[in-house]
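Chemist: My questions all concern the structure below.
The values are calculated or read from the model by the stated rules, or taken from the named source; none is laboratory data. All figures in this text were calculated on a predicted structure; none of them were measured in a lab. We place every Cβ from the backbone using ideal geometry, glycine too, and count neighbours over all the protein chains shown. What goes into the accessible areas is simple: the full protein's heavy atoms, side chains included, and nothing from ligands, DNA or RNA. Shrake-Rupley method; radii C 1.70, N 1.55, O 1.52, S 1.80 Å.
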Amino acid sequence: KGLSASLYMAVMLTNMRQFALNNPNPSLILRQANNYLAAKNPESVFLSAFVAVYSTTDNTLTYSSAGHNPPYILGKRFQKLDKANGTVLGLFENEEYANEAIRLEPDDMLFLYTDGITEALNRKKEFYTEERLEALLRDYHGGDLIGTVLRSLKGFVLNTEQSDDITMVSVRVSYLTKQSTKDLASEEDRR
């Protein structure tokens, strides 16, 4: 929250990118980031993070989380990615983080968000909540996902002053595997 937090995040993102260049393993990236932050953290600043690596070879998303809100997979299935959640970064050195992997299908969408969405307050001091967000995501049937969530959020808070940052990212998987490419070639041959 604020300029100092933004600068802090920029430094951490730079370091995490460097860690990822050396070894694109989400749990290792989080472990290195955590140790870097914990060793230089007299004010006990902490942050959450979600790291994912997508393999185009086998269409697998490998991910690990450090106390971040679990993202969702939307598409033919609805799934919360909450299996590999560890401690936030910066509090204790040598924390362990686990990897989890999921195979993504064509047109699957990964939706990530910050707690500024679920903890947004309306005039009655009620939170938007993860349950409300999840219900909205379950009912999503295409179109502008970020716009859909933002409209729902604005309708809920009704011009109440924003108390936290709001960040959302959605990524759609669009690929042809070697098998589907072969199937398309076979279809062309039959015509």
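Chemist: Report yes if some residue within the stretch 120-141 is within 25 Å of Tyr36 (Cβ to Cβ), outside any loop (DSSP other than H, G, I, E, B), in contact with a Lys or Arg (Cβ under 8 Å, 6 or more places away or on another chain) and open to solvent by 30 Å² or more (accessible area, probe 1.4 Å); otherwise report no. Break it down into steps so the answer makes sense when it comes.
Modeler: Kept after step one, since they are within 25 Å of Tyr36 (Cβ to Cβ), are these residues of the stretch 120-141: none.
Checked the stretch 120-141: no residue is within 25 Å of Tyr36 (Cβ to Cβ), outside any loop (DSSP other than H, G, I, E, B), in contact with a Lys or Arg (Cβ under 8 Å, 6 or more places away or on another chain) and open to solvent by 30 Å² or more (accessible area, probe 1.4 Å).
Chemist: Out of Leu37, Leu30, report the one residue that is touching a residue at least 12 places away in the same chain (Cβ under 8 Å), open to solvent by less than 80 Å² (accessible area, probe 1.4 Å) and either within 18 Å of Glu100 (Cα to Cα) or small (Gly, Ala, Ser) (or both).
Modeler: Values: Leu37 fails: either within 18 Å of Glu100 (Cα to Cα) or small (Gly, Ala, Ser) (or both).
So the residue among Leu37, Leu30 that is touching a residue at least 12 places away in the same chain (Cβ under 8 Å), open to solvent by less than 80 Å² (accessible area, probe 1.4 Å) and either within 18 Å of Glu100 (Cα to Cα) or small (Gly, Ala, Ser) (or both) is Leu30.
Chemist: May I ask you to list the residues in the stretch 14-27 that are hydroxyl-bearing (Ser, Thr, Tyr) and either over 18 Å from Ser55 (Cβ atoms) or open to solvent by 60 Å² or more (accessible area, probe 1.4 Å) (or both)?
Modeler: Filtering the stretch 14-27 down to residues hydroxyl-bearing (Ser, Thr, Tyr) leaves 14, 27.
The one that is hydroxyl-bearing (Ser, Thr, Tyr) and either over 18 Å from Ser55 (Cβ atoms) or open to solvent by 60 Å² or more (accessible area, probe 1.4 Å) (or both): Thr14.
Chemist: Suppose we filter the stretch 94-127 for residues that are farther than 22 Å from Ser64 by Cα and touching an Asp or Glu at 6+ places or on another chain (Cβ under 7 Å); how many remain?
Modeler: 2
Chemist: Which residues, taken from the stretch 59-82, are in contact with a helix residue (DSSP H, G or I) (Cβ under 6 Å, 6 or more places away or on another chain) and small (Gly, Ala, Ser)?
Modeler: The answer is Ser64, Ala66.
Chemist: Looking at the stretch 92-111 only, could you name the residues that are surrounded by fewer than 17 Cβ atoms within 10 Å (Cβ to Cβ) and closer than 24 Å to Phe46 by Cα?
Modeler: Matches in the stretch 92-111: Phe92, Glu93, Asn94, Glu96, Ala98.
Chemist: Kindly indicate whether Asp58 is over 17 Å from the mean Cα position of the chain (by Cα), closer than 18 Å to Phe156 by Cα and exposed (fewer than 14 other Cβ atoms within 10 Å of the Cβ). First the steps, then the outcome.
Modeler: Values: over 17 Å from the mean Cα position of the chain (by Cα): yes; closer than 18 Å to Phe156 by Cα: no; exposed (fewer than 14 other Cβ atoms within 10 Å of the Cβ): yes.
Spelling it out, it is not the case that Asp58 is over 17 Å from the mean Cα position of the chain (by Cα), closer than 18 Å to Phe156 by Cα and exposed (fewer than 14 other Cβ atoms within 10 Å of the Cβ).
Chemist: While we're looking at this one, here's another question. Quick check: is even one residue across the stretch 92-113 among the polar types (S, T, N, Q) and within 19 Å of Asp165 (Cβ to Cβ)? Break it down stepwise before answering.
Modeler: Going residue by residue through the stretch 92-113, those that are among the polar types (S, T, N, Q) are 94, 99.
Narrowing further to those that are within 19 Å of Asp165 (Cβ to Cβ): none.
For the stretch 92-113, residues among the polar types (S, T, N, Q) and within 19 Å of Asp165 (Cβ to Cβ): absent.
Chemist: Here's a follow-up. If the requirement is being touching a residue at least 60 places away in the same chain (Cβ under 8 Å) and not polar (S, T, N, Q), which of these qualifies: Leu112, Leu133?
Modeler: On the way: Leu133 fails: touching a residue at least 60 places away in the same chain (Cβ under 8 Å).
Only one candidate qualifies: Leu112.
Chemist: When you look at Ser65, is it at pLDDT 95 or above and either open to solvent by 30 Å² or more (accessible area, probe 1.4 Å) or in contact with a Lys or Arg (Cβ under 8 Å, 6 or more places away or on another chain) (or both), yes or no? Quick ask: steps written out before the conclusion?
Modeler: Numbers: at pLDDT 95 or above: yes; either open to solvent by 30 Å² or more (accessible area, probe 1.4 Å) or in contact with a Lys or Arg (Cβ under 8 Å, 6 or more places away or on another chain) (or both): no.
So Ser65 does not fit the description; no.
Chemist: With the requirement that a residue be open to solvent by less than 40 Å² (accessible area, probe 1.4 Å) and of a type in the set (Phe, Trp, Tyr), what does the stretch 40-49 give you? Give the derivation first.
Modeler: Our first condition is that a residue be open to solvent by less than 40 Å² (accessible area, probe 1.4 Å); within the stretch 40-49, this holds for 41, 47, 49.
Across the stretch 40-49, there are no qualifying residues.
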